[in-house]
Amino acid sequence: MPEEFKPGCQRPSIKKMNIETNASTQMEAKEARKPMVKVGKQAPDFTASAFYQDKFVNISLSEHKGKWVLLCFYPGDFTFV
Amino acid sequence: MKYPEFQNLGAEVLSMSVDSVFVHKMWNDHELSKMIGKNVPFAMCSDQDGSIGKAYGIYDEDSGIETRGRFIIDPDGNIQGFEVLTPPVGRNVKESIRQLQAFQLVRNSEGTEATPSGWKPGKQTLKPGPDLVGNVWKVWKVDQAFND
């Protein structure tokens with residue numbers, strides 16, 4: 001099960017991935033133009049805060065290894081589609 | 001609504017946007033739960049700085065949001081397929097389920113079977129091999145791509 005956290009007044013801190021935390025300014029400029037991922041290649045792992053079963057939790061992609069995952073990005077909450 | 005189908009296929013669903021988990025909770029409580037008659041059954045993830053979206057190549061720097069990127073990731077953590085749409089057009093969840101079923105069939109057959117155009121469960125698969133080269137037209141008709 002994902003690990004629950006207690007929300008405070010601050011937004012949950014962002015769990016950056018190694019590839020990005022180690023990035024210099026120059027690297028960040030490159031990151032911004034990062035190309036599309038490729039099919040057949042490893043999906044970038046991440047840890048993200050999430051709302052799940054009425055709790056605030058931290059979830060990693062890697063904890064779902066061994067299962068199929070459908071990962072859906074969308075523009076924003078309370079948008080229309 | 002289709003979450004049980006994903007569960008039956010042994011798949012987990014994760015949604016992701018740049019909204020905070022607090023806004024996710026409000027969206028669930030005040031709109032989505034009313035739409036589907038229950039809480040959103042999967043984890044609604046937050047990518048506040050867009051770093052995850054950037055890693056997947058679907059973050060839109062100009063508007064600071066994530067476009068409709070949908071990724072099918074296999075049990076080894078490899079991306080098998082993706083689709084990216086601009087914001088005004090919604091996805092077809094049934095098509096995601098069909099693709100998931102097709103990728104699972106191919107994986108379970110250890111690559112001995114392939115799913116031709118328009119395949120869905122119950123329809124004919126192809127078994128690639130030397131005998132099939134140049135002979136697909138004999139065993140598979142174009143109409144099969146469009147028949148239900």
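Please treat every number below as a calculation from the coordinates, not as lab data. All values derive from a computational prediction rather than experimental measurement. Positions of Cβ are backbone-derived with ideal geometry, glycine not excepted, and every protein chain shown enters the neighbour counts.
A few notes on this one:
- GluC sites (Glu not before Pro) restricted to DSSP loop in the range B:94-148 with at most 10 other C-beta within 10 Å: B:E110
- Reachable lysines from B:K127, criterion Cα separation under 20 angstrom, eight or more residues apart if same chain: B:K138, B:K141
- Model label sites at B:S63 and A:S60, defined 7 Å from Cα along the beta-carbon direction, differ in position by 3.3 nm.
- At 1.306 mPa s and 10 °C, Stokes diffusion of the protein assembly as shown via Kirkwood alpha-carbon radius, µm² per second: 83 µm²/s
- Cross-link partners of A:K6 among aspartates and glutamates (Cα-Cα below 20 Å; sequence separation of 8 or more within a chain): A:D54, B:D19, B:D29, B:D47
- Hydrodynamic estimate: the Kirkwood radius of chain B over Cα pairs, inserted into Stokes-Einstein at 37 °C and 0.692 mPa s, corresponds to D of 183 µm²/s.
- Angle in degrees between helix B:93-108 and the longest Cα principal axis of chain B, rounded to the nearest 10: 50 degrees
- Value at 222 nm in deg cm²/dmol, rounded to 500, when DSSP H runs of n ≥ 4 in the protein assembly as shown each add -39,500 (n - 2.57): -6000 deg cm²/dmol
- Within the range B:110-148, chymotrypsin sites (Phe, Trp or Tyr not before Pro) in DSSP loop having at most 13 other beta-carbon neighbours inside 10 Å: B:F146
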